[in-house]
Amino acid sequence: MPVFYVDGQSVGNEQKTQPRHAKIVVAYKEKLNSGFQIRWEEIGDRTNNEAEYIALLKALSIIEAKWGAIGEASGKGAEPIKVHSDSMLIVNQVNGSYEVTDVKLRQLCENVKGLMKKMSAVKLEWIPREENYAGQWLEDRWKGGKVEVAKEQEPSSAPVAKV
């Protein structure tokens, strides 16, 4: 069963400086015993929460492209495709436990909810930061914001990035 991990980061967000430098990562496995595939990109001047939402939207677009609008990986009765995020705010906003007051986040949340409504076989779950493979990749590979890797590239046995 496919499993996804998403994370977003905004350097400069903590000081509310302009411009911020945001990045997203989606890490996923199509099968339990397969290796992680990584999708990452820089997304410009965004807040940390916007980056988290954009990473989630990227994961949903990958699911839709690979498994269709329903998001079913192996037919009726199968477990849902799980998308893991360490952002309690985003998970609770999407799942309806928290209210979305920010205008930009409200639009991003509605986009996520719209896609997830079409994909009945996709479930968003919160996980601790230390269990988020995408977050670990961001910390390990993007520390300092300097990487040497091609965007949208499939990972190989060679190192993905040099920091």
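The values are calculated or read from the model by the stated rules, or taken from the named source; none is laboratory data. As the structure is a prediction and not an experimental result, all values here were calculated from the model. All Cβ positions, glycine included, derive from the backbone under ideal geometry; neighbour counts span all protein chains shown.
Take the residues in the stretch 70-88 that are at pLDDT 90 or above and polar (S, T, N, Q), then tell me which one is farthest from V100 (Cα to Cα). It would help to see each step written out before you state the result.
Residues of the stretch 70-88 that are at pLDDT 90 or above, as a first pass: 81-88.
Okay, now just the ones that are also polar (S, T, N, Q), so 85, 87.
Values: S85: 17, S87: 14 Å.
In this case the residue turns out to be S85.
Results for (1) more than 17 Å from the chain's Cα centre (by Cα); (2) farther than 22 Å from A22 by Cβ; (3) surrounded by 13 or more Cβ atoms within 10 Å (Cβ to Cβ), shown as yes or no for each residue.
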{"position": "S61", "(1), (2), (3)": "no, no, yes"}
{"position": "I90", "(1), (2), (3)": "no, no, yes"}
{"position": "V94", "(1), (2), (3)": "no, no, yes"}
{"position": "S97", "(1), (2), (3)": "yes, yes, no"}
{"position": "V100", "(1), (2), (3)": "yes, no, yes"}
{"position": "L105", "(1), (2), (3)": "no, no, yes"}
{"position": "G114", "(1), (2), (3)": "no, yes, no"}
{"position": "K117", "(1), (2), (3)": "yes, yes, no"}
{"position": "V122", "(1), (2), (3)": "no, yes, yes"}
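Taken over the stretch 35-72, the residue count meeting the criterion of being farther than 14 Å from V25 by Cα, part of a loop (DSSP other than H, G, I, E, B) and touching a helix residue (DSSP H, G or I) at 6+ places or on another chain (Cβ under 9 Å) is 5. The combined condition, being within 20 Å of D7 (Cα to Cα) and at pLDDT 95 or above, is fulfilled by W126.
The residue pairs whose first member lies in the stretch 40-59 and is more than 16 Å from E125 (Cα to Cα) and surrounded by fewer than 18 Cβ atoms within 10 Å (Cβ to Cβ), whose second member is acidic (D, E) and at pLDDT below 95, and whose beta carbons are closer than 8 Å, counting only pairs six or more residues apart or on different chains, are E41/E152.
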